[in-house]
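The values are calculated or read from the model by the stated rules, or taken from the named source; none is laboratory data. Values in this document were obtained by computation on a predicted structure and should not be read as measured data. Heads up, the Cβs are rebuilt from the backbone with ideal geometry, glycines too, and the neighbour counts pull from every protein chain shown.
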Amino acid sequence: MKVWTGLGLAAAACLTLAAYGPGSVVTTQRLTNAGSEPGSWLTTGRTYGDQRFSPLKQIDRASVSKLGLAWHHEFDTDRGQEATPLMIDGVLYTSTSWSKVYAFDARTGRSLWSYDPKVDKRRGFSACCDVANRGVAVWEGKVYAAALDGRLTALDAKTGKVIWSKVTVDQSKPYTITGAPRVVKGKILIGNGGAEYGVRGYLSAYDGQTGKLVWRFYTTPNPKGKPDGAASDPILAGKAAKTWGGKIPASGGGGTVWESITFDPESNLVFFGAGNGSPWSAVHRSDGKSDNLFLSSIIAVNADTGKYVWHYQPTPDDNWDFDATQHLMLATLPIDGKPRKVVMQANKNGFFYVIDRATGHLLSAKNYVTTTWASSIDLKTGRPNETADGRYRDKPAVVSPAPYGGHNWQPMAFDPGRGLVFIPAMDVPQLYGVDANYKYREGAWNLGLDTAIWALPDDKAQRQAMKAMLKGELIAWDPIKQEARWTVQYPNFWNAGVMATAGGLVFQGDADGHFNAYDADNGKLVWSYETGNGVIAGASTYELGGQQYVAIMVGYGGAAPLAAQSLLPDRPRLPGRLLVFKIGGTDKAPAFPKPPERTLDLASLSSNGDAAAGKVTFHANCAVCHSLNASGHYLPNLRNTPMLQSPEALQAVVLGGALGDRGMVSFAKWLKPVDVENIRAYILGEARHEQTESK
């Protein structure tokens, strides 16, 4: 099968590999022609096509067995590490959780500089899915980094010193940024997160030299019915406003642009995905039967002006947290015997979409994991054929995929020679139910769902059976035939992003603490390295002095480990690391130290609280960070915390904000002392159950 890349290679072919060297500036032209630099990794997806495929092949199926650690670095952050390192002219740039930025000598690992934006730890409360950061962008001697608190900063690429910094969000609202900026024709594109809490999403473009806002595109209509003075005004006031059933939430409706942003130089279009609605439940958001544009949509705009060109909405009137913010990838595929320029996405909703990138016309769609909310996609209308009980309006229903999605933010990869997309997939069901008593709470989680039904069963065997139902997969997907070529099964559902190379390899880390290489033809495991910690980031690869290197950020976290830790590997928070490999590497990373164990004397503790009421309150307020049934370890293990020793101790934290400097803000505007004591009673019961079960 022949697959064309179709991404400006004619222009790139005119360049020589010697055109750029150490000290060269990353220009717009250089980014456009990134495919001509096989030894570099210039942007988050290597090229504007975001295929995450490298033509390097020194490390191949024959030589990969000799791959060893070249160097490593341990960071001072211990949350999820999600960045893809960039390598430009001998310098490796990356970021860690809490939005810190680092530059290293890419050959030796020598630290060149670091930058800490000193994010107020209380902002972590507004991060639904960990305080992660997915990387940086580089252009014209500057490194661009976005901070969790909504700042976009330009750093001197040689020194790490701040050149300019702009606040891109209303910091009085629960906005966050975890995504990597993108550079498009001298503009820095950045979105934001926070839809779970109740904000209004948008994509912004800033002048890379000055930091001045150039254009902005909002993804939902203005709740006040007024123009925003933004590029999105015409389409939102017209077509989109009519799709909200006359009811746009005052909070903004969601639709945050928290990850995928892709650029096509040929058409001058920027493609980006809009997130889920706020609240999740459609019946609490508008009228429960209108499409709610542009929630959960793929949108194309003019790169110069931000003007709307087209959109496609995979999940109309989203009711399940099915963002369309997953990796958007450009390619040219032979469809009906002709080369067709497309944008592809393995959507969170479980369907793989192939879309004409000039018009937004849907070419094909097929489910790559189990989908019980919809049976298929109507190719004439582009709309899903929803199942009878998929919307769980009248009673709770088990629906696939879960809010984690069939595919989440973890990047996929595309091998153009083999015509295969490698998807880090999940086959996970979820019990959904509407909260009939839902009321909007400013600044807090706003799902509109009955979260108490998410509590895990007390029986250990039942929990193990539940865990066995949750599948993680690496799928080699044929986007033309819309079928799997091969699949690798993982014992845990939340694993890492993917990178593919011309050496016939597919690299992916996993939850169990391995960095793996698979044969791209059949999925056979050909190499594995024990990382000592779970991996969720996507790798990159580069070449220096005739030597190929592979770089990966290591550190487990993100949405699933925080909220469903008991269904994933049971490990403590560990420091993040950057591991860089080469053929013949001999470096050895030390074993992670064991954290000190703490045991509470539960026999001496009691509570007059209502544990049953505490269970409901806990899952509505606490589970997203401290996990179902208070079983989490990635944030403080509440079953073993000294705060349980007295009602006053827990209330000082939950209501008084005593640990605000660590990210635990006060819940005084949502909870009362009786609620906190009920939560304490519930956690004490869970802690006793855990001790009994472990004997």
Next item on the list: May I ask you to list the residues in segment 460-493 that are within 27 Å of Val398 (Cβ to Cβ), touching a Gly at 6+ places or on another chain (Cβ under 7 Å) and of a type in the set (Phe, Trp, Tyr)?
Entry: Tyr490, Phe493
Check: How many residues are modelled with pLDDT of 95 or more and either surrounded by 24 or more Cβ atoms within 10 Å (Cβ to Cβ) or in a loop (DSSP other than H, G, I, E, B) (or both) when one looks only at segment 19-52?
Finding: 19
Margin query: Condition (residue is crowded, with 17+ Cβ neighbours inside 10 Å and more than 22 Å from the chain's Cα centre (by Cα)) applied to segment 422-430: is it met by at least one residue?
Written below: no
Next item on the list: Give Ala537, Ala520 a once-over and let me know the one that is surrounded by 23 or more Cβ atoms within 10 Å (Cβ to Cβ), more than 28 Å from Ala630 (Cα to Cα) and in the same structural domain as Leu574 (by TED's automatic domain parsing).
Entry: Ala520
Next item on the list: Considering each of Ser251, Ser204 in turn, give the residue that is in the same structural domain as Thr176 (by TED's automatic domain parsing), under 17 Å from Ala300 (Cβ atoms) and either in a loop (DSSP other than H, G, I, E, B) or at pLDDT 95 or above (or both).
Entry: Ser204
Check: Under the condition of being touching a residue at least 24 places away in the same chain (Cβ under 8 Å) and assigned to a loop (DSSP other than H, G, I, E, B), which residue from segment 447-458 is farthest from Ser281 (Cα to Cα)?
Finding: Asp458
Next item on the list: Could you check Lys594 against (1) at pLDDT 95 or above; (2) closer than 17 Å to Asn640 by Cα and say which number it fails?
Entry: (1)
Item checked: Criterion (within 25 Å of the chain's Cα centre (by Cα) and more than 19 Å from Ile377 (Cα to Cα)) met by exactly one of Val257, Val343, Val283, Val309 -> Val257
Note to self: Name the single residue that is farthest from the chain's Cα centre (by Cα) among those in segment 361-382 being over 26 Å from Gly497 (Cα atoms) and part of a loop (DSSP other than H, G, I, E, B).
What the structure shows: Lys380
Next item on the list: Kindly establish whether Ala137 is buried (at least 23 other Cβ atoms within 10 Å of the Cβ), touching a strand residue (DSSP E or B) at 6+ places or on another chain (Cβ under 6 Å) and on the phi < 0 side of the Ramachandran plot.
Entry: yes
Next item on the list: Could you pull out the residue among Thr153, Thr178, Thr210 that is free of Cβ contacts under 8 Å to residues at least 60 places away in the same chain, of a type in the set (Ser, Thr, Tyr) and buried (at least 22 other Cβ atoms within 10 Å of the Cβ)?
Entry: Thr153
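Residues checked against (1) under 21 Å from the mean Cα position of the chain (by Cα); (2) surrounded by 16 or more Cβ atoms within 10 Å (Cβ to Cβ):
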residue	(1), (2)
Lys439	no, no
Ala444	yes, yes
Gly448	no, yes
Ala468	no, no
Pro479	no, yes
Gln482	no, yes
Gly497	yes, yes
Next item on the list: Kindly check whether there is at least one residue in segment 674-682 that is in contact (Cβ under 8 Å) with a residue 24 or more places away in the chain, polar (S, T, N, Q) and closer than 19 Å to Ser604 by Cβ.
Entry: no
Note to self: Looking at segment 569-578, can you tell me whether even one residue there is closer than 30 Å to Thr108 by Cβ, touching a strand residue (DSSP E or B) at 6+ places or on another chain (Cβ under 8 Å), in the same structural domain as Cys128 (by TED's automatic domain parsing) and aliphatic (A, V, I, L, M)?
What the structure shows: yes
Checklist line | Check on Lys395, basic (Lys, Arg), buried (at least 24 other Cβ atoms within 10 Å of the Cβ) and either within 19 Å of the chain's Cα centre (by Cα) or over 20 Å from Ala484 (Cα atoms) (or both) | finding: no
Note to self: I want to confirm something. Restricting to segment 73-86 and keeping residues that are hydrophobic (A, V, I, L, M, F, W, C) and buried (at least 24 other Cβ atoms within 10 Å of the Cβ), which single residue is farthest from Cys128 (Cα to Cα)?
What the structure shows: Leu86
Margin query: For Ala668, only one of the following conditions fails: (1) surrounded by fewer than 17 Cβ atoms within 10 Å (Cβ to Cβ); (2) farther than 27 Å from Glu442 by Cα. What is its number?
Written below: (2)
